[in-house]
Structure formats: structure tokens, C-alpha cells
Amino acid sequence: MPLTALQKFEQQIERQLRLLEARKYLIERRIERQIRLFEKKRDDIGKKIEDQFRQFERKKGIRLDDEVRFIRSWIERPLSIGAVTPSGRLLARTMARYVDPASEGPIVELGPGTGPVTEALVEAGVAPSRLVLVEFNAAFCRLLRSRYPEATLVQGDAYSLRRLLDNLLLQPAAAVVSGLPLITKPIRERLDLLRDAFDLMLPGAPFVQFTYSMAAPLPKRLGGYSVEASERIWMNIPPARVWVYRDQGSGIRDRKSETEYRD
Ligand SMILES: C[S@@+](CC[C@H](N)C(=O)[O-])C[C@H]1O[C@@H](n2cnc3c(N)ncnc32)[C@H](O)[C@@H]1O
């Protein structure tokens, strides 16, 4: 029996769909192969860097465990780690200088990593039991738990700060100290984080943030908060600057477009 026009059309469509499926399968296999190649290369590069660190340790007779941990995490998630080495002592101490150890209330640290800023805070006189450490990397959390057993460790996303800490802080925080790679986030998310941090803190308490960027991590002239900055710390790899933001009580002004936030 001759095929109707509709049946012919259906057969054509089916053939096209089968061809499409076959092509899709090939493309998927090709992508998988590329991903496997990339992962292998990434692991090889990571191993090479780690070997170089170990050789340097043997030559100099020192241990660089935190640096190696950091490199490993950076290779896995470069954008969220945001740095290839932990902060140097000078940068960590500069961050800690903006926190008054005699103030009352918890001190929140966002993205403590392997803990160089945590160490500087404790050295400056902050009791470890006052520290609330918010970190999402599981390996860093394990390390922090063993190094600062008295601190409160929260494994989670610092950009959901209110949800994470609202029921945890029994009194307003005296400071929020952040090592987050803030500039990898859209400006609106950064401002939301700042607003959340201000809501959790005593009025006028500092939000301390470092950045490797030449530009301020949060807009300087937005209004509603005061801004101060340290000198550039050249002794850090890479050089960095510390920025401090304090709520002035009038609320962060809201703007519509991202470009309006630029300084
Ligand atoms: C640039 S490193 C700084 C680490 C440490 N504060 C220092 O100065 O060496 C950024 C840290 O923030 C953590 N981090 C990044 N995004 C985060 C997020 N959304 N929530 C919690 N931690 C985050 C990373 O895992 C990493 O430990």
C-alpha cells in the first residue's frame, strides 16, 4: 500500500531525530573525553607544583603544609579559593589590627582557609572561643577544627550569612573579618553580604576585607557606610590591601544598575 504524505513526513522526522541522537551521542563522548583530559592535566600540574614545594622544603629544612593544602584546593576550585597561597603574616596582622580585642561579642571570620588571619586574631588577644569561623571547604574545616577546637565552626556558604548565623549568635558581633574572594562575585551579592554583616554587628563595628585588586572590593562612594583602607602590603604574595567598612546607620543606598556602583 502506498505511503500517505503524512506517513512519509513522519518517517523523515524519525530519520532526522535518529541522526540528531547519534550526533548528540558523539558530541557528548567528545566533551567527556575533553573533561577527562583536562582533569588529568590539572592533576599533573597540581602534582608538579606540590613536588616543587616539597623539594623547596627539603632544601630549606622547613614545612609548607598549609601552602600545599591551599594549592590543592585552588586547583580544585580556583574561583572560590581566589588565591594560590594563604595570606602572609603581615597581611593577616593588618587585618587583625582593625579588630578591638577588648570589644564585646563574637568575631566572625568568613573564608578563614588554613587560618592565618585566625592566628593573627588570636595573637592580637582575641579569645578563640569568641571566634565564629564560616568556611565551605571541607578540608579547611577539618584543619580549623583541629587547630581551633574552642571556636565555633560553621561549614557553609558565607553569602547566606543571615541564614547561617541568625540563630547562632547570641549577641551582636564585634567584627566581621573576611578573606572571601569578594571580587569574583557580582556587586549586588557583595552588597547583600555587607548588609547582612552590618545587620549581625554592633553599630559602627568593622567589616574587614582584604583584596589583591587595585580597586576597592565594595564601592567607596555609595553612602550609608564609611570606608577606610590600609597601605598596600607589598610583602604579601600577591600584594594586597585591607579595606574596612562601618555602618553609619542610614542604610546602604540601593541602586538599580550595576554600573552605578562603580567608583
Ligand atoms: C583567598 S582564600 C583566603 C583564606 C584565608 N583567609 C587567608 O587569608 O589565607 C578564600 C577562602 O574563602 C573560602 N570561601 C570562598 N567562598 C566561600 C563561601 N561562599 N563561603 C565560605 N567560604 C568561602 C575559600 O574556601 C578559602 O578558604
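The values are calculated or read from the model by the stated rules, or taken from the named source; none is laboratory data. Computed from a predicted structure; not experimentally measured. So basically every Cβ, Gly included, is an ideal-geometry build from the backbone, and we count neighbours across all protein chains shown. When the accessible area is computed, the model is the full protein with side chains, heavy atoms only, and any ligands, DNA or RNA have been set aside. Shrake-Rupley method; radii C 1.70, N 1.55, O 1.52, S 1.80 Å.
One table, with the values for the structure above:
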quantity	calculated
Simple spin-label estimate for LEU17 and ALA102 in nanometres, 7 Å along Cα-Cβ	7.8
Residues with amide H under 5 Å from that of PHE210, placed H, sequence gap 5 or more	SER178, TRP243
The chain - charge dipole about Cα centre, Lys and Arg +1 at Cβ, Asp and Glu -1, debye rounded to 20	1140
Percent carbon-and-sulfur accessible area, the range 1-109, ignoring ligands, DNA and RNA, probe 1.4 Å	57
Karplus 3J(HN,Hα) series, Hz, for the range 81-96 with 6.51 cos²θ - 1.76 cosθ + 1.60 (x for Gly, Pro)	7, x, 7, 9, 9, x, 4, x, 4, 5, 5, 4, 5, 5, 4, 5
Under the Karplus curve 6.51 cos²θ - 1.76 cosθ + 1.60, θ = phi - 60°, whole-Hz ³J(HN,Hα) for the range 172-177, x wherever Gly or Pro sits	x, 6, 8, 6, 10, 10
Under the Karplus curve 6.51 cos²θ - 1.76 cosθ + 1.60, θ = phi - 60°, whole-Hz ³J(HN,Hα) for the range 118-131, x wherever Gly or Pro sits	4, 4, 5, 5, 5, 4, 6, x, 7, 5, x, 5, 7, 7
MET201 long-range amide H proximity, modeled H, under 5 Å	ALA173
Of the trypsin sites (Lys or Arg not before Pro) in the range 4-113, those whose Cβ has at most 14 other Cβ within 10 Å and which sit in DSSP loop	ARG63
5 angstrom amide H check on GLU109, placed H, neighbours 5+ away	VAL132, LEU133, VAL134, VAL177
Paramagnetic reach from ILE45 (point 7 Å along Cα→Cβ, amide N under 18 Å) across the range 207-246	238
Gain in span if fully extended, ARG147 to MET235, counting 0.36 nm per residue against the direct Cα distance	29.1 nm
Beta bridge orientation in the chain: antiparallel %, DSSP, nearest 5	45
Segment ARG89-GLN248, length gained on full extension (0.36 nm per residue, minus Cα span)	54.2 nm
Dipole magnitude of the range 28-75 about its Cα centre (Cβ charges: Lys, Arg +1; Asp, Glu -1), debye to nearest 20	200
Separation in nanometres of the label points that stand 7 Å from Cα toward Cβ, at PHE9 and GLN171	7.7
Estimated FRET transfer efficiency (MET214, LYS24; beta-carbon r; R0 35 Å; 0.05)	0.20
With Cα atoms, 0 to 90° folded angle of helix 138-147 axis to the chain main axis	20
Expected 222 nm ellipticity per residue - DSSP helices of 4 or more, -39500 (n - 2.57), all of the chain, to 500	-14500 deg cm²/dmol
Longest DSSP-loop-exposure-free segment, GluC sites (Glu not before Pro), the chain, at most 12 other Cβ within 10 Å	1-103
Counted charge near ARG241, where neighbours are those whose Cβ lies closer than 10 Å (Asp, Glu -1; Lys, Arg +1)	0
